[in-house]
Amino acid sequence: MQSSISLTLSSSCYPIVGRSEVHVSNSSRREAMFGSAHLLVLQSKSRSKRFGSRIIAGLSSGNGSVESKGIFDYDVVIIGAGVGGHGAALHAVHKGLKTAIIEGDVIGGTCVNRGCVPSKALLAVSGRMRELQNQHHFKSFGIQVTAASYNRQEVADHASNLASKIRNNLTNSLKSLGVDILTGVGTILEPQKVKYGTTVITATDVIIATGSIPAVPKGIEVDGKTVITSDHALKLEFVPEWIAIVGSGYIGLEFSDVYSALGSEVTFIEALDQLMPGFDPEIGKLAQRVLINPRKIDYHTGVFASKVTPAKDGKPVTIEMIDAKTKEPKETLEVDAALIATGRAPFTQGLGLENINVQTQRGFVPVDERMRVLDANGGLVPHLYCIGDANGKMMLAHAASAQGISVVEQLSGNDHVLNHLSVPAACFTHPEISMVGYTEPQAREKAEKEGFEISVAKTSFKANTKALAENEGEGLAKLLYRPDNGEILGVHIFGMHAADLIHEASNAIAMGSRIQDIKFAVHAHPTLSEVLDELFKSAKVAVLTLQLASRTFQISDKR
C-alpha cells in the first residue's frame, strides 16, 4: 500500500495571476504548457517587475527563492513523490521556487514501483513471447524458429530491475536540482503548514499528489498469493494455469496479454454488458476480435464477482457470481488464481483534510479546473492544490504530471488550465490501443446537445507500407471531427505502435489545431505515421480557410 504523502509549497509572496477566469491565447498556452525559459523574454515590463527577479534568481541558483526566506520554509511543498509530484517539483525548481517533496514510501509512487513501469517490462516479455510463438508470422518472413521458453524468475527480475532503475533516476534528478526530499507521511495541519514525522514545515503553497491504491470491492478477500491485485501480479511470483481477471479495463486487458502469452488460460469477469467498456465501441469490438477471441481467453459479462475466496487447504480459488442487474446468483468458478482489476481508489489517508474543512467526494479530493482544492462549502482552500489520481479528474501518470506543471505555472504568475481532452491514453497490449478526446457515443451526445454535426473518418493499417512490411496490417485509426470547422473531437487507434502514434493527434488538440491546419503536414515514407496522415487527409471539411498575409480566401475542400 502506498503510505506516502508528498507536498509542494510555492511561495506566493508576489501577486498571483489567474485566480479568476482569464482568456489565454494559443501562443500563451504553448509557452505555459512547456515552461520555456523563453517566457522570461516574453514577459511584459509590468510582469517582469512582479515576477522576473524571483524567476531569474531561481534559474541561476538552483532550488530556492530568496523571497521565501524568513517568511516560509519553502515556496512549494509537494506531498507525494510519484510521477505527478516529481513533475511538479522539477518544474517548480525551473521556475525558481524553493521546493520540498514529502514521501512516506518510495520515490516514484505507484507508476514507477507498482504500475506502468514494471508492467511495461512484463508486456515487453509477453510481446516477444507472442511473436516467437507465432511460427506462421516468422514463416512469412522466411525465418524458422524453434519453440520459445522463458524463466519466470528472470522475467520478474527484469520488471523489478527496471522499476529500481527508474526510481533511482527520479531520485537523482530531484537531488541534482536541490529539491529537499523529506521522509515521512505528510499531514496538513492548516493552510501553508504541513507535518511529516515530528517535524512541522511551512510553505507558501502546498500540492497534494498522493496518488491511488488498487480498489477492491466488498466480498473479495485478497491474500496476495492466489487472490491478488496488480501490486502483487507485477512481482510475477507464479504463473497460474488458469487465472480469472475481474474487470476488463486497461489493467485487466494488459495482464490478460501477459498471462496468456506466458501460457495461462484467462477468464474475464466484467460487470457491464461488454468487454473493454471504457474504449470506443468500434475499437473495442476490433480489439476483442484480435486480442481476446483467438487466444485462450473466455469471459463472462453482465456479472459481479460477489465473493472471491483464496485457495486454501488444497481447495482452489472460488468466485461466486451474481447477475449485475437482478443480483440473482449465477455460476461459481473454481480457478488457480484471481486478479482483481476493478480500478483504483484515491489514497488520502492521513492527509489531515479534516483540519482544513475538506470533504472527499467518493474518496477524491474536490478541485476546480485549476486544481485548487475546494472546502466543504465549495470555497477555495487558500494555497492548496491537488493533482493526479487523488483528485480523480484523469487517473493517468502523465495527466498527474501535466496537472502539476499547470499548477506551478499558476504559482509563477501564468494562468494555465490543462485541457484534459488533449491528454492521450494507451493500453500496451499486442497490438496496442490508444485514444484521445471523445469516444464516438460521447461525441454524438455532445453534438446533439450543442447542435452541430459530426463526421467519422477511418484508415486501415492494411493500407500502410511499413505495417505491411512488418506483417502487422491488423489495425484501424478513427477520427471524430466537426465537418463545418475542422475541430478534432477524438482519435482512436488500434494497431502496431498505436501508443506512439496518438501524440500527433493529442498535440493537435492541445494546440487547438484544426484538420485544415494539419492535413498538409508531410510525413516520412514509409512510416507508420502515414496512418494518421491518411486519416487527416481523408477528412472532408466543408470550408478551408487559409490566412495569407492580410487576405483570407475560402475554398471548398474537394477531398
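The values are calculated or read from the model by the stated rules, or taken from the named source; none is laboratory data. Since the model is a prediction, treat every value here as computed from it, not as a measurement. For neighbour counting, all protein chains shown are included, and Cβ atoms are generated from backbone atoms with ideal geometry for every residue, glycine included. Calculation scope for accessible area: heavy atoms of the full protein, side chains included, ligands and nucleic acids excluded. Shrake-Rupley method; radii C 1.70, N 1.55, O 1.52, S 1.80 Å.
Below are the figures for this structure:
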quantity: Scattering curve values for segment 416-501, log₁₀ I(q)/I(0), Debye with Cα scatterers, q = 0.24, 0.27 Å⁻¹; calculated: -1.12, -1.25
quantity: Ranked packing of 183-193, 218-228, 112-122, most packed first, by mean Cβ within 10 Å; calculated: 112-122, 183-193, 218-228
quantity: Unsatisfied cross-links (Cα-Cα over 27 Å) in the set K296/K466; K120/K218; K95/K393; K462/K519; K285/K446; K95/K175; calculated: K296/K466; K120/K218
quantity: Positive minus negative residues near M496 (Lys, Arg vs Asp, Glu; Cβ under 9 Å); calculated: -3
quantity: Additional length obtainable on full extension of the chain from Q442 to N485, 0.36 nm per residue less Cα span; calculated: 13.6 nm
quantity: 13 Å beta-carbon shell around L421, net charge (K/R +1, D/E -1); calculated: 0
quantity: Where Y196, Y259 fall by accessible area, highest first, once all protein chains stay in place (1.4 Å); calculated: Y196, Y259
quantity: Amide proton proximity set for K98, modelled H, under 5 Å, gap of 5+; calculated: S11, G64, S65, D75, V76
quantity: Charge dipole magnitude, Cβ of K and R +1, D and E -1 - segment 256-344, Cα centre, debye nearest 20; calculated: 120
quantity: Estimated FRET transfer efficiency when R0 is 35 angstrom, pair D157-E320 (beta carbons, to 0.05); calculated: 0.45
quantity: Convex hull (Cα only) mean projected area of segment 272-316, reported in nm² to one decimal; calculated: 4.4
quantity: Under 5 Å, built H, 5+ apart or other chain: amide partners of A345; calculated: I213, A215
quantity: Sequence-distant residues sharing a close amide H with F268 (under 5 Å, placed H); calculated: I245, D298, Y299, H300
quantity: Rg/Rh for segment 166-312, where both radii come from Cα atoms and Rh is the Kirkwood radius; calculated: 1.11
quantity: Segment 411-455-segment 487-521 distance, computed between alpha-carbon centres (Å); calculated: 11
quantity: Geometric extent, Cα atoms of segment 155-253 - Rg, Dmax (angstrom); calculated: 18.9, 55
quantity: Compactness of segment 86-242 as Cα Rg over 2.2 N^0.38 Å, two decimals; calculated: 1.41
quantity: Using distinct alpha-carbon pairs, which all enter the 1/r mean, Kirkwood radius of segment 252-399 in Å; calculated: 18.4
quantity: Environment charge at E237 (Cβ cut-off 11 Å; Lys +1, Arg +1, Asp -1, Glu -1); calculated: +3
quantity: Relative contact order of segment 293-429, pairs being alpha-carbon contacts under 8 Å that are 6 or more residues apart, as %; calculated: 12
quantity: C-alpha center-to-center spacing [segment 308-322, segment 327-394] in angstrom; calculated: 29
quantity: Estimated translational D of segment 340-469 in µm²/s (Stokes, Kirkwood radius over Cα pairs; 37 °C; 0.692 mPa s); calculated: 184
quantity: Distance (nanometres) between label positions extended 7 Å along Cα→Cβ at K218 and F238; calculated: 3.1
quantity: At R0 = 25 Å, FRET efficiency that the Cβ-Cβ distance of Q274 and N507 yields, to 0.05; calculated: 0.25
quantity: For segment 352-484, size of Cβ-based charge dipole, Lys and Arg +1, Asp and Glu -1, in debye; calculated: 160
